[in-house]
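Participant: Below is one structure. I have some questions about it.
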Ligand code: RIB
């Protein structure tokens with residue numbers, strides 16, 4: 001059965017047996033709360049520092065799982081990153097494909113300013129040890145129409161996309177952080193793009209949301225695009241179809257992982273056969289709740305929090 005372009009397989013009991021693999025980064029996030037972002041030549045005292053479990057990959061796996069999806073995580077850590085694997089386990093994510101390398105775990109140095117905005121310096125560490133051979137071993141365990149979720153914080157993404165496509169997996173790409181590695185990918189192989197305005201502009205050359213979607217649909221007519229616009233809400237494109245949803249009025253404490261929360265909740269909603277508009281609404285609410293809490297994966301809300309929250313919708 002195909003729903004919104006994603007094919008779902010059913011067991012006798014009527015439950016979905018489609019598998020979701022998230023091949024993604026695991027980072028130790030060091031979050032420094034600052035009055036303003038440090039300027040060139042300035043030495044700035046942080047108001048506080050805290051350590052969190054992060055990485056776009058880990059955050060998205062936690063969000064997928066919290067939202068009710070069954071997810072396998074693959075990726076690399078060093079011996080200093082076992083607690084990240086534990087975090088995934090606690091969140092009911094299958095970690096049997098996570099590999100330990102003899103290098104430090106990836107980490108992120110994150111400044112969060114008084115308005116809740118962040119800026120991030122990444123050190124790839126074990127995330128950059130992903131080889132074609134390891135990826136092939138993992139992908140061998142999946143089959144046609146299973147879903148691969150991918151971001152841009154690990155090595156070998158080009159090879160992973162090629163292998164997954166050859167195997168017939170449906171590929172969800174969050175092209176974040178945007179850099180030259182995305183330009184090397186054959187984006188015709190992507191089933192779903194989950195991107196923000198900056199990533200959309202880098203791929204299409206325009207910063208106008210409607211034009212981003214039109215150009216994406218011209219260039220990649222078989223793909224679907226979810227374009228998140230922060231305060232201005234979110235847009236969805238599939239062929240000629242366009243769907244918009246607004247944003248929610250919340251006080252931003254820390255925007256880290258808002259996008260990851262959105263991605264996890266949106267993909268999980270599709271797997272539940274939710275209609276797109278409802279999926280956008282649910283994912284947007286989850287992301288809004290995530291920005292009102294400090295930290296990355298720990299700020300991802302539970303489904304009951306999302307379903308019971310009373311938030312004011314803007315820009316709809
Ligand atoms: O998307 C947020 C994530 O980006 C953080 O958790 C940090 O690790 C960086 O990868």
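Participant: Do any helices (runs of 4 or more DSSP H) entirely within region 247-316 hold 2 or more residues that are crowded, with 17+ Cβ neighbours inside 10 Å and within 16 Å of the ligand (Cβ to nearest atom), and if so, which?
Facilitator: 258-271, 276-291
Participant: Search region 167-188 for residues that are within 18 Å of residue 149 (Cβ to Cβ) and free of Cβ contacts under 8 Å to residues at least 24 places away in the same chain and pair each with any residue that is within 15 Å of the ligand (Cβ to nearest atom) and in a loop (DSSP other than H, G, I, E, B) when their beta-carbon atoms are under 8 Å apart and the residues are at least 6 apart or on different chains.
Facilitator: As it stands, the answer is 173/151, since those pairs meet every condition given.
Participant: So which of 64, 58 ends up being surrounded by 13 or more Cβ atoms within 10 Å (Cβ to Cβ), at pLDDT 95 or above, more than 23 Å from residue 276 (Cβ to Cβ) and within 16 Å of the ligand (Cβ to nearest atom)?
Facilitator: 58
Participant: In region 85-123, how many are within 13 Å of the ligand (Cβ to nearest atom) and farther than 29 Å from residue 44 by Cα?
Facilitator: Residues meeting the conditions: 1.
Participant: In the list 126, 164, which residue meets the criterion of being crowded, with 22+ Cβ neighbours inside 10 Å and within 15 Å of the ligand (Cβ to nearest atom)?
Facilitator: Result of the check over 126, 164: 126.
Participant: Any residue in region 224-245 that is in contact with a strand residue (DSSP E or B) (Cβ under 8 Å, 6 or more places away or on another chain), in a loop (DSSP other than H, G, I, E, B) and touching a residue at least 12 places away in the same chain (Cβ under 8 Å)?
Facilitator: Scanning region 224-245 turns up at least one residue that is in contact with a strand residue (DSSP E or B) (Cβ under 8 Å, 6 or more places away or on another chain), in a loop (DSSP other than H, G, I, E, B) and touching a residue at least 12 places away in the same chain (Cβ under 8 Å).
Participant: Answer yes or no: is there a residue in region 136-143 that is within 16 Å of the ligand (Cβ to nearest atom), in contact with a strand residue (DSSP E or B) (Cβ under 8 Å, 6 or more places away or on another chain), more than 15 Å from residue 59 (Cβ to Cβ) and touching a residue at least 40 places away in the same chain (Cβ under 8 Å).
Facilitator: Scanning region 136-143, I find no residue that is within 16 Å of the ligand (Cβ to nearest atom), in contact with a strand residue (DSSP E or B) (Cβ under 8 Å, 6 or more places away or on another chain), more than 15 Å from residue 59 (Cβ to Cβ) and touching a residue at least 40 places away in the same chain (Cβ under 8 Å), so the answer is no.
Participant: Could you list, in sequence order, all residues of region 185-221 that are within 20 Å of the chain's Cα centre (by Cα) and part of a loop (DSSP other than H, G, I, E, B)?
Facilitator: Result: 185, 186, 190, 191.
Participant: Another question about this same structure. I'm trying to understand the selection: among the residues of region 205-217, which are under 20 Å from residue 184 (Cα atoms) and surrounded by 19 or more Cβ atoms within 10 Å (Cβ to Cβ)?
Facilitator: 212, 216, 217
Participant: Right, something else. Could you list, in sequence order, all residues of region 17-47 that are within 16 Å of the ligand (Cβ to nearest atom) and within 30 Å of residue 140 (Cβ to Cβ)?
Facilitator: The answer is 22, 23, 24, 25, 26, 27, 28.
The values are calculated or read from the model by the stated rules, or taken from the named source; none is laboratory data. Predicted, not measured: the structure shown is a model, and the values here were computed from it. Note that each Cβ is placed from the backbone with ideal geometry, even for glycine, and that neighbours are counted across all protein chains shown.
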